Amino acid sequence: MTLIGRTTDTTTEAVRTTTTGLPGGAAAEPATPVPVPAPATPAPPEQLKTAARIRASVPVPVRCDGRVHPATLTTFHELVDGREHLAVLLGPAITSVPLVRLHSECLTGDVFASERCDRGAQLDEALSRITATGGVLLYLRQEGRGIGLYNKLDAYRLQGHGLDTYAANRALGLEEDARDYTAAAQMLTALGHHEIDLLTNNPDKRLQLERHGVRVRSVVPTGVHMTAHNSAYLKAKATITAHTLSTEGPQT
């Protein structure tokens with residue numbers, strides 16, 4: 001397998017479409033991005049120790065691997081971005097370093113099993129792996145890498161005309177990735193997890209958590225859930241934002 005690293009090249013055609021239309025000469029319909037709350041200014045590490053408090057913990061059985069498993073959903077007060085993020089505690093009691101997944105909400109993938117991305121498959125994988133070892137899945141309300149559901153669907157439309165997932169966001173006047181993980185660090189700190197094993201292929205998650213005082217002992221890569229419908233999306237993640245995944249191999 002070939003591991004694709006980061007490149008600084010920018011696709012000229014993708015940039016051109018932001019001002020001259022879509023590839024192939026199709027005229028771009030004007031798109032009005034849905035307003036998205038500006039990401040909160042990250043707090044320094046010392047503020048994370050008391051910034052968030054556990055609000056409630058509720059036992060909720062969840063289904064994965066065809067079976068029902070006990071889980072606890074935990075909510076929080078005073079998260080820096082004011083959003084209703086959840087911590088899902090799974091598996092055996094945590095006695096050492098927990099396995100943690102930061103999962104950004106994806107209605108199309110998580111609920112409707114869309115194959116335009118790999119998010120739904122990643123959620124299933126994370127639930128299964130964390131249930132086996134014990135740990136936490138942080139379900140973060142960051143639809144569309146932070147741009148919101150309607151804007152994400154507008155970006156899908158542009159991707160259908162040849163733009164990659166990041167160029168589509170730029171064409172809408174939005175950030176390539178608007179996610180901020182300060183609240184995730186707050187949640188882990190409130191749960192008492194100052195050192196974790198992080199289940200991810202995204203290097204930015206580790207960088208942001210460690211910036212806020214959460215030590216990442218090891219990075220555990222997620223699987224590569226490639227299909228005929230998301231291969232271009234995965235290749236863009238590998239080449240543009242340095243996700244550590246292989247885009248060569250069988251498609252599911």
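The values are calculated or read from the model by the stated rules, or taken from the named source; none is laboratory data. Predicted model only: the values in this text are computed from it and were never measured. Here the Cβ positions follow ideal geometry from the backbone for every residue, glycine too, while neighbour counts run over all protein chains shown. Note: accessible area is taken over every heavy atom of the protein model, side chains too, but ligands, DNA and RNA are not part of it. Shrake-Rupley method; radii C 1.70, N 1.55, O 1.52, S 1.80 Å.
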**Message:** Name the residue that is nearest to Leu86 (Cα to Cα), counting only residues in the stretch 116-142 that are open to solvent by 20 Å² or more (accessible area, probe 1.4 Å) and part of a loop (DSSP other than H, G, I, E, B).
**Reply:** Arg141
**Message:** For the stretch 87-109, which positions are crowded, with 19+ Cβ neighbours inside 10 Å and farther than 17 Å from Val216 by Cα?
**Reply:** Ala87, Val88, Leu89, Leu90, Gly91, Ser104, Glu105, Cys106, Thr108, Gly109
**Request:** Keeping to the stretch 209-243, report how many residues are open to solvent by less than 10 Å² (accessible area, probe 1.4 Å) and either in contact with a Pro (Cβ under 6 Å, 6 or more places away or on another chain) or at pLDDT 85 or above (or both).
**Result:** 4
**Message:** of a type outside the set (D, E, K, R), at pLDDT 95 or above and either surrounded by fewer than 11 Cβ atoms within 10 Å (Cβ to Cβ) or part of a strand (DSSP E or B) (or both): is that true of Thr74 in this structure?
**Reply:** yes
**Prompt:** Which condition number in (1) open to solvent by less than 40 Å² (accessible area, probe 1.4 Å); (2) free of Cβ contacts under 8 Å to residues at least 40 places away in the same chain is the one that Phe112 fails?
**Reply:** (1)
**Request:** Output yes when any residue across the stretch 84-94 is outside any strand (DSSP E or B) and either modelled with pLDDT of 95 or more or under 18 Å from the mean Cα position of the chain (by Cα) (or both), and no when none is.
**Result:** yes
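I need the full set of residues from the stretch 130-166 which are within 30 Å of Leu188 (Cα to Cα) and in contact with a Gly (Cβ under 8 Å, 6 or more places away or on another chain), in order please.
Our first condition is that a residue be within 30 Å of Leu188 (Cα to Cα); within the stretch 130-166, this holds for 130-152, 165-166.
Passing the criteria: Ile130, Thr131, Ala132, Thr133, Gly134, Gly135, Asn151, Lys152.
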